[in-house]
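Notes follow once the structure below has been shown.
Just so it is clear, none of the values below were taken in a lab; they were calculated from the coordinates. Since the structure is predicted, the reported quantities are computational estimates derived from the model, not experimental observations. Every residue, glycine among them, receives a Cβ derived from its backbone with ideal geometry; neighbour counts consider all protein chains shown.
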Amino acid sequence: MTPRPDGLLGLPTEIFFHIVENPVIGCRDLLNCMLVCRRLRDLLKDSMLWTYQRELERDGLTDGFSTLTTAAKLKKLLDRRQRWKDFEPISVETLSIPFVKGPCCLIGGVFARIVPGPNPGTYSIGVARLPSANGNDHIQDSLPTSKSWRRITALAIDPSQDLLVFLDWDPVTGDSHLNIRTLFAQEPHPLAAKSCIALYDGRGHPYDWDYDMKLGSDLIAIHRYNKTMLRNWKTGITIWEGYYRNTEFFFLSPTLFFGLKEIETNPERMIDLYRVNEPPERADCIAHLMLPPLETSDEGLSFDCADILVELTPLGDHATDNPFLSSPSHGLLLLTYRCRVELTERPGEGGLPITAGVYAVVLRTSGIFRLASEISSSQPDSTQKDIPTYTWNEWAQNELVILESDNDEIGGTAHSAGRIHGSRIIFNDFDWYTEDESGRHFATIYRQSDDVDETPLRRPAPIFIEDERDFTLELESDPAVRRLKVSLKIISAFASSGKCYLDQNHILTLEPDPHEPQNVVPGHGNETGPNRKLVKVWTMG
């Protein structure tokens, strides 16, 4: 008779599965254990729930709220993945909707944007429900008839909380307000401590409407110039203030956020990672995370640290009858590096042209969450000087992909390489050559393999800027990195300059903007002219 193993593997199978299927135990931890334990590998192969959790993590998702069985959810998940891989949408719809140039937001199947108000010179917020695989076959647009403002400068939504947050500015009085309302009825939100908050009284400074904001569950980050204020909209308490611009501040989860900071003594940038503690309501810096340094092999390639842009999966997926939700801890972090190539040794030429190179570096967010969970809750606050610093391969788990854009014109603009959601990226203004000028590139990024025999890959191959001279750009890494795989598809949008948006189940593209000032409408009709825009929606389910 074979003796029963000791420890965890010696438990009855039912109890063993109850322990290892707990979501607290990460799939990557179990995969690493399976490399050295054949019995664990054999046991987990028989676990439907563990297989489902592993496949969710691969797609950057977590389990949602559904009455479906685990087997049914796993089948639905794999069918959904195959649709994305083959790019076979459930439906594709193109239609004209009321639209005014201004801020837009797509989260959880809801698209919010600026529309003409009921009176000339006023503006409202239109909210459209996109088609879904659960019975909603067409875009359902909701246009307010009685609510309007003089100018709307920023907006954010959270469908999971029926939440609409926006900034309005009155150019006559100079008043600027933060508004917290329900998403569809657009009434004052019942959970808000205060639904309308004055940001500026308008005295003497006509340009003080220049506020921006971001939304992260219960927290609103209000940005003005290089300063950020973090406020809990349910309690009304300001819990943190720091010096980060709008393009330098990001929510990772309802309790984690970070800011980008340039290191004074080093030509690199790093992430200041913060955790929100309750009680008391405050945010403390718990770690400094170094970004991947770009090493140049030629003096002709120069890199400006201020030219790093970040994109993350936004928070706020709707949870109602949704078997899969976006998982911030299993998503991607997209870094856009903009570099300048100065050609200084071209014989016979008087002028020395400067060409811009644009690179996308994609990392997984799981390393940040793993690191945050390991840091003690007693970590000193941000006023202390002994906050730990981690090199990029300590928190990024040595998993990355590097892409180079063919479009050198975007090197001088402040645009991210693309929109990101879960494990997918649609590249905005980040071009590769296609025969169709309206073609846009859509990428699914995943690990090389989740098999138990997975082995580390060598360093990523250098990437080049093709010119009369080659400039090599590569990341330093010790140990070697794991290469993330990229699956690229070309989708047909309206034009290469039209904006694209992405959420868990949809891709939405807009026809290019007319050349007009923001929130200024030449005509005020809702049927034709510049107050409407074509949108194209792919529903993937």
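Going by amide H atoms built from the backbone, whose H comes under 5 Å of the H on GLY117, apart from near neighbours?
The list, which skips near neighbours in sequence, is THR122, TYR123, SER124.
Taking a threshold of 19 Å on the Cα-Cα distance, which of the pairs LYS76/LYS485; LYS499/LYS536; LYS101/LYS499; LYS147/LYS536; LYS101/LYS234; LYS489/LYS536 fall above it?
The pairs that break the limit, which is 19 Å between Cα atoms, are LYS76/LYS485; LYS147/LYS536; LYS101/LYS234.
If you plug each phi of the stretch 160-176 into the Karplus form 6.51 cos²θ - 1.76 cosθ + 1.60 with θ = phi - 60°, what whole-Hz ³J(HN,Hα) values come out, in order, with x for Gly and Pro?
5, 10, 6, 10, 10, 10, 8, 10, 10, 9, 9, x, 7, 8, x, 6, 10
Taking H placed 1.01 Å from N in the peptide plane, check which residues at least 5 places from TYR390 or on another chain put their amide H under 5 Å from its amide H.
Residues meeting the criterion, in which the H sits 1.01 Å from N, are HIS288, LEU289, MET290.
In what sequence do ASP158, ASP137, ASP86, ASP63 fall when counting other Cβ within 10 Å, fewest first?
If I rank by nearby Cβ atoms, fewest first, I get ASP86, ASP137, ASP63, ASP158.
Please arrange ILE490, ILE107, ILE197, ILE180 by how many other C-beta atoms lie within 10 Å of their C-beta, fewest to most.
Exposure proxy ranking, most exposed first: ILE490, ILE197, ILE180, ILE107.
Across the stretch 228-237, in residue order, what do the Karplus-derived ³J(HN,Hα) couplings come to in whole Hz, using 6.51 cos²θ - 1.76 cosθ + 1.60 with θ = phi - 60° and x for Gly and Pro?
Working through the residues one at a time gives 10, 10, 9, 10, 8, 6, 7, 9, x, 8 Hz.
Pulled fully out, how much extra length does the chain show between LYS75 and GLU187, if you take 0.36 nm times their separation in residues and subtract their Cα-Cα distance?
Contour length minus the Cα-Cα distance gives 36.3 nm.
Cross-link candidates for LYS261: which lysines have Cα within less than 20 Å, leaving aside residues fewer than 8 places away along the same chain?
Of all the lysines, those that pass the test against LYS261 - Cα under 20 Å, at least 8 places apart if same chain - are LYS214, LYS227, LYS385.
If neighbour count is taken as other Cβ atoms inside 10 Å, put LEU510, LEU74 in order from fewest to most.
With the fewest neighbours first, LEU510, LEU74 line up as LEU74, LEU510.
Which cross-chain or sequence-distant (5 or more) residues have an amide H under 5 Å from the amide H of ILE237, H modelled 1.01 Å from N in plane?
Sorted by chain and number, the residues that satisfy this are ASN232.
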